[in-house]
Structure formats: C-alpha cells, structure tokens
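**Q** The structure follows.
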Amino acid sequence: MLLNKLLKAIQPVEVAGDSNIEITGVNIDSRLVEAGQLFMAMRGTQADGHAYIPAAIAKGAIAILCEDMPEEPVAGITYVRVKDSEDAVGKIATTFYGDPTSKLELVGVTGTNGKTTIATLLYEMFRKMGHKVGLLSTVCNYIDGEAIPTDHTTPDPVTLHNLMARMVEAGCEYAFMEVSSHSIDQKRISGLSFNGGIFTNLTRDHLDYHKTVENYLKAKKKFFDDLPASAFALTNADDKAGLVMLQNTAARKLTYSLRTLADFKGKILESHFEGTEMLVNGREVMTRFVGRFNAYNLLAVYGAAVSLGKDPEEVLVVLSDLHSVSGRFQTIQSPSGYTAIVDYAHTPDALTNVLNSIHEVLNGNGRVITVVGCGGNRDKGKRPIMAKEAAKLSDQLILTSDNPRFEKPDEIIKDMVAGLNAADMEHTLCITDRAQAVSYTHLRA
C-alpha cells in the first residue's frame, strides 16, 4: 500500500521525504521489521520505540512514524511526525489491513472479573449456532477453530488488526474480545469498530498501573464513551460502577441484573457443584455453571446474544449446553468424595466470589481448604486483602507461589501474611512450592 494512502487515516504534523512509496508492512517491533516496511515508534510504558529507529532502518524499514524527528535523519528514509503515536498506530494498522472490523460484528468485554468467561462463552455459543467466529482472550486467541497462542489480554495494535484481518479472510462473521484497562488507556484498540460493549464489574485491580481506582474506572468508561450510536452498551446494573459506564455513551443502553429491574433479569433457583438452575427473563434454564458470579456472566452472554439479533429461545437452549472455561471454576470430583475446584481468581473480589459460591452449595455441610497465591510484579496492595478474605472463608488456608515473575515467592507470601491476624494464622500454612501445597490438601481432605 502507498504510504500517502496510509497517511489519510491520520493527521501528520509533518512528513519529511517521499510519501509516494510502497509500504510492504507495518511494525512496532524493530526486531520483526522487514525490507520495505513502515516502523512506528511508540512511547511504551517499559521502552521508547524512538530508541529503536536506527535498528529498524538497519533491518530495512523505508519509512518511520514518530513523535520526535531524529537529529540526524537518514537519507532516503521518509519520516512521518505525529502528535500521538499510540493513537496513530491503530489507525495506520487498520488501514493497512483493510479495515477488517468493518466486516465483522465485534463485541468487546471489559471489567475486572468475568471477561474471559463471557468472551469465550459468546465465541462457543455463536459457533454452536453455525457461525465462524473469532476470539481474543487471556487464555488463547482463535480464528474460528484455529488456536493462536497469546501472552496479553489485549494484543498490541498491529497484532490485533492482523488477527482481525485473518478472521475476515477465514470467513468469520463475529469476533469477541476481552478489552483490558491497559489496552484502553494505551489506545491499543484505536481503529477498531465495535458493534457492542459489555461491562462486568469493577473492583480493585491493576493499581500498580492506574494508581487510583478512579483512574481505573475512567479507563473502563472511556471504552463505552467511544462506542458509536449503532452499537449496544450492556452493563451490570448491580455493580456500583455499572450505570456510570452508560453516562456518556451514544450506544444503545442495556442492563442485566440479579437484583433489580433490567433488560435482562435473572434469578438463581438452585445451585449445585454440577450446575445452576436459573430464571432468565422469566424462562427456566439449567446451566453447567456454579455460583452467583457465573449467573452474572451467563446473563451478560444471554443479553449480548439477544442484542446481536439472536432468538431468545435459541440462546437459552445453547446456554444450557455450554461448559465452563478452562481455569474458571473448574470442578474435579474425587473418587474418595471431595470436590476440587480450580479458578483463576486474582483479585480480592473474584476470590471472595468463588469461596462464597462454594459455601452456597455446601450450605454448611463440608470443609473448605483453599490454596492461593498472588502474582509477582503486580498490585501489591491487594495481597493482604486476598489473604484476609481467603482466611475468613476457609477452614484451612495454604498460601503459596503463583507466577512470581521477577519477585521472590517468599516475599510475596510475606505480603499476604501481613493481612492476617493471630486467629487467622492458626488455620494458615505457608508452603512456597505450589505442587507441595496442592499435595498437602489431599492429606487434609
């Protein structure tokens, strides 16, 4: 594609050099640049892409997008100066890849908890309905049935638009994606055309990045503020931040709830480890999911599917046939009579939801042994809170390691222990080795 055609998607402050040149690809990673490509220098949170402009040119880049012109420009290279490289990158990428999201029904899911479950269940539901579907999630990305490994909740803009283009090429009609607060704040979703947005809930998370809960909320809200009038905005009316998300959106406003009047109203009738029986807009449905938090997830899935034009009866039939997402309240029944539950819960609220759901099913008839850890290089403030919630809702608590990244596991556990008092410590053990911690529960069960 000609560079001057790409530049129509943005408003450059300055163009130095020939803009009538053929661009063979776009990239933000200098290591991946190939001959004839446009290298876009972004100011990231960990590194400044401007520092890698010489490396990109050495690899064959013939054009550079940047916020600051180099002091010594290289002859024969075209430089495009922009005011905001984060915003420009997404718009350039979507133009290069043919505006793929204009050819898809794209729905984004944002919130602290539930994003992976909702996005994945929508993907599974629409495939069961006979559609080709794309998925972008924390666990894995999918182009219909093809799995694409992922290492971010929301990929970088170039990877994102490339994946969307591949979805279109594969014949996908719908795409569902998790939209993280980081990706909103860093404008990774710039250039995407959304047909709908779903808000799950908002509790403490990522304060290592956002610094305050208010900043975290504003990042989520911006996603809804930017939705077009042709889209729908579906929010959890029972969450205190739910209606805040709808305040300034031009999209069609919709709500789901277990407690109040809403467009999509649910009620839990019975709950077991095998599943939950619910009322959804007055119709009974038996699902294979456990817990109040999953009831909210299912309502969001139902509401989104109906908002996309699907028949409510068909949606309920498919909903009853869906299974839990890998690592999200997965139940494993032991021959000796106890039940093991695996969940990704990584915030105080998510952990509390899981443990409360277990107690709802047990109804006082059983013991709860919890093995929990906190990830390294993330919000340290939630560690003592998670430990306290786990201790309060467990008969036996084992604190262990969970993806320490670049921190010492014992230091992370020490941060968790800081939230416990003497009474809590009487039924708490610290076992750093995760395998040993899990094995110990077999002895206590």
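**Q** Looking at GLU407, GLU411, GLU360 in this structure, which one is acidic (Asp, Glu) and either within 30 Å of ILE268 (Cβ to Cβ) or assigned to a strand (DSSP E or B) (or both)?
**A** GLU360
**Q** Which one is most open to solvent (accessible area, probe 1.4 Å) among residues in segment 256-275 that are over 29 Å from LEU227 (Cα atoms), without any contact (Cβ under 8 Å) to a residue 60 or more places away in the chain and in a strand (DSSP E or B)?
**A** LYS267
**Q** State the number of residues belonging to segment 30-59 that are over 29 Å from the mean Cα position of the chain (by Cα), loosely packed, with under 14 Cβ neighbours inside 10 Å and not in a helix (DSSP H, G or I).
**A** So the count comes out to 2.
**Q** Could you check segment 224-249 and list, in sequence order, the residues that are closer than 19 Å to LYS187 by Cβ and open to solvent by 20 Å² or more (accessible area, probe 1.4 Å)?
**A** ASP225, ASP226, PRO228, ASN248
**Q** A further question on this structure: Got a sec? Which of ARG81, ARG127 is open to solvent by 10 Å² or more (accessible area, probe 1.4 Å) and in contact (Cβ under 8 Å) with a residue 60 or more places away in the chain?
**A** ARG81
**Q** Is one or more of the residues making up segment 399-413 hydroxyl-bearing (Ser, Thr, Tyr), over 28 Å from THR276 (Cα atoms) and at pLDDT 90 or above?
**A** Checking segment 399-413: at least one residue is hydroxyl-bearing (Ser, Thr, Tyr), over 28 Å from THR276 (Cα atoms) and at pLDDT 90 or above.
**Q** Moving on to the next point. What do you reckon, is ALA75 part of a helix (DSSP H, G or I) and surrounded by fewer than 17 Cβ atoms within 10 Å (Cβ to Cβ)? Show your work before the answer.
**A** Working: part of a helix (DSSP H, G or I): no; surrounded by fewer than 17 Cβ atoms within 10 Å (Cβ to Cβ): yes.
Against the criterion (part of a helix (DSSP H, G or I) and surrounded by fewer than 17 Cβ atoms within 10 Å (Cβ to Cβ)), ALA75 does not qualify.
**Q** Pick from LYS187, LYS253, LYS221: which is without any contact (Cβ under 8 Å) to a residue 24 or more places away in the chain and open to solvent by 10 Å² or more (accessible area, probe 1.4 Å)?
**A** Exactly one residue qualifies, and that residue is LYS253.
**Q** Among the residues of segment 322-338, how many are under 19 Å from the mean Cα position of the chain (by Cα) and of a type in the set (Ser, Thr, Tyr)?
**A** Looking only at that region, the number is 2.
**Q** Only strands (runs of 3 or more DSSP E) wholly contained in segment 88-180 count here; list those with 2 or more residues that are among the aliphatic types (A, V, I, L, M).
**A** Here the list reads 105-110, 133-136, 146-148, 174-178.
**Q** Within segment 165-184, which residues are touching a residue at least 60 places away in the same chain (Cβ under 8 Å) and either among the basic types (Lys, Arg) or closer than 24 Å to THR112 by Cα (or both)?
**A** Step one: list which residues in segment 165-184 are touching a residue at least 60 places away in the same chain (Cβ under 8 Å), which gives 165, 167-168, 172-181, 184.
Once the filter is applied, which keeps residues that are touching a residue at least 60 places away in the same chain (Cβ under 8 Å) and either among the basic types (Lys, Arg) or closer than 24 Å to THR112 by Cα (or both), segment 165-184 yields TYR174, ALA175, PHE176, MET177, GLU178, VAL179, SER180, SER181, ILE184.
**Q** Read through the list (1) at pLDDT 95 or above; (2) open to solvent by 70 Å² or more (accessible area, probe 1.4 Å), then give the number of the only condition that MET278 fails.
**A** The number of the failed condition is (2).
**Q** Considering (1) touching a residue at least 40 places away in the same chain (Cβ under 8 Å); (2) touching a helix residue (DSSP H, G or I) at 6+ places or on another chain (Cβ under 9 Å), say which one ALA437 fails and leave the rest.
**A** For ALA437, the failing item is (2).
**Q** Among (1) under 34 Å from the mean Cα position of the chain (by Cα); (2) part of a strand (DSSP E or B), which single condition is VAL15 missing?
**A** Tallying (1) under 34 Å from the mean Cα position of the chain (by Cα); (2) part of a strand (DSSP E or B), VAL15 fails exactly one: (1).
**Q** Okay, moving on. Please count how many residues of segment 281-291 are within 18 Å of SER357 (Cβ to Cβ) and either surrounded by fewer than 17 Cβ atoms within 10 Å (Cβ to Cβ) or in contact with a Gly (Cβ under 8 Å, 6 or more places away or on another chain) (or both).
**A** Residues that pass the stated criteria total 5.
**Q** Considering (1) without any contact (Cβ under 8 Å) to a residue 40 or more places away in the chain; (2) of a type outside the set (A, V, I, L, M, F, W, C); (3) within 30 Å of GLU67 (Cβ to Cβ), say which one TYR142 fails and leave the rest.
**A** In the conditions (1) without any contact (Cβ under 8 Å) to a residue 40 or more places away in the chain; (2) of a type outside the set (A, V, I, L, M, F, W, C); (3) within 30 Å of GLU67 (Cβ to Cβ), TYR142 misses (3) alone.
**Q** Tally up the residues in segment 291-311 that are out of contact with any helix residue (DSSP H, G or I) (no Cβ under 6 Å at 6 or more places or on another chain) and assigned to a loop (DSSP other than H, G, I, E, B), please.
**A** Residues flagged as out of contact with any helix residue (DSSP H, G or I) (no Cβ under 6 Å at 6 or more places or on another chain) and assigned to a loop (DSSP other than H, G, I, E, B) within segment 291-311 amount to 4.
**Q** Counting just the residues of segment 18-29 that are under 29 Å from the mean Cα position of the chain (by Cα) and β-branched (Val, Ile, Thr), which one comes out most open to solvent (accessible area, probe 1.4 Å)? First the steps, then the outcome.
**A** Keep residues of segment 18-29 that are under 29 Å from the mean Cα position of the chain (by Cα), which gives 25-29.
In the following step, the residues that additionally are β-branched (Val, Ile, Thr) were identified as 26, 28.
Values: VAL26: 6, ILE28: 50 Å².
For segment 18-29, the residue satisfying everything is ILE28.
**Q** So, one more: Filtering segment 300-358 down to residues that are touching a residue at least 60 places away in the same chain (Cβ under 8 Å) and among the charged types (D, E, K, R), which residue is most open to solvent (accessible area, probe 1.4 Å)?
**A** GLU314
**Q** Only one of (1) more than 30 Å from THR276 (Cβ to Cβ); (2) of a type in the set (D, E, K, R); (3) open to solvent by 50 Å² or more (accessible area, probe 1.4 Å) is not met by ARG383, so which one is it?
**A** (3)
**Q** On to the next question. Give the residue that is farthest from MET177 (Cα to Cα), with candidates limited to residues of segment 92-131 that are basic (Lys, Arg) and at pLDDT 95 or above.
**A** By that ranking, first place goes to LYS128.
**Q** Kindly list, by first and then second residue, each pair from a residue in segment 102-113 that is more than 14 Å from LEU234 (Cα to Cα) and open to solvent by less than 10 Å² (accessible area, probe 1.4 Å) to a residue that is at pLDDT below 95 and outside any loop (DSSP other than H, G, I, E, B), limited to pairs with Cβ atoms under 8 Å and residues at least 6 apart or on different chains.
**A** THR112/ASP349; THR112/ALA350
The values are calculated or read from the model by the stated rules, or taken from the named source; none is laboratory data. The shown structure was predicted, so the numbers you read here are calculated from the model rather than taken from an experiment. As a convention, Cβ positions derive from the backbone with ideal geometry for all residues, glycine included, and neighbour counts pool all protein chains shown. Quick note on the areas: whole protein, heavy atoms, side chains included, nothing else; ligands and nucleic acids left out. Shrake-Rupley method; radii C 1.70, N 1.55, O 1.52, S 1.80 Å.
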